[in-house]
Amino acid sequence: QVQVVESGGRLVQIGDSLRLSCGVSGRTFSGYAVSWFRLAPGKEREFVVGMSWGGSLNFKNDVVKGRFTISRNDAKNTVYLQMNNLEPEDSAVYYCAVGTGALTQDPRDYLYWGQGTQVTVSS
């Protein structure tokens, strides 16, 4: 059974940095893409950033690309989301998802999801 567990979310101030972790058990990342999504109140779940098995990156947009990045530690079966210069608009529940193969922004292409971790950026 595959389990995905996010951690690291908390209350931060504008401009702070935060690193989220995503631990996966029950399988490795081999051949799979892994991505971070977020869900804010009153909004739809949105893709933030993802990494293909080969290491290619895909960002939601250039704004995110300038502040967020994703990395993977295969030895620990863990993926990280480094977020810098946080803004109130970044407040959301952040979800880690393991996909089927190709890196996409469509949540329907992801098989395994964590329970989410709350990030709140205080103004």
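The values are calculated or read from the model by the stated rules, or taken from the named source; none is laboratory data. Keep in mind it's a predicted model, so treat the numbers as computed, not measured. Every residue, glycine among them, receives a Cβ derived from its backbone with ideal geometry; neighbour counts consider all protein chains shown. Please note that ligands, DNA and RNA were not included when accessible areas were found on the heavy atoms of the full protein model with its side chains. Shrake-Rupley method; radii C 1.70, N 1.55, O 1.52, S 1.80 Å.
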Roll a 1.4 Å probe over the protein chains and send me the accessible area per residue for the chain in Å².
50
To the nearest 20 debye, what is the magnitude of the charge dipole of the chain about its Cα centre, counting +1 on the Cβ of each Lys and Arg and -1 on the Cβ of each Asp and Glu?
240
Arrange the peptides 88-95, 72-79, 114-121 so that the one whose residues have, on average, the most other Cβ atoms within 10 Å appears first.
88-95, 114-121, 72-79
Solvent-accessible area, 1.4 Å probe, carbon plus sulfur percent, for the chain
46
Can you compute the helix-only [θ] at 222 nm over the chain? Use -39500 (n - 2.57) per DSSP H run of at least 4 residues, normalise by all residues, nearest 500 deg cm²/dmol.
-500 deg cm²/dmol
Hits in the stretch 19-40: amide N under 19 Å from the 7 Å Cα→Cβ extension of Ser122, namely 19
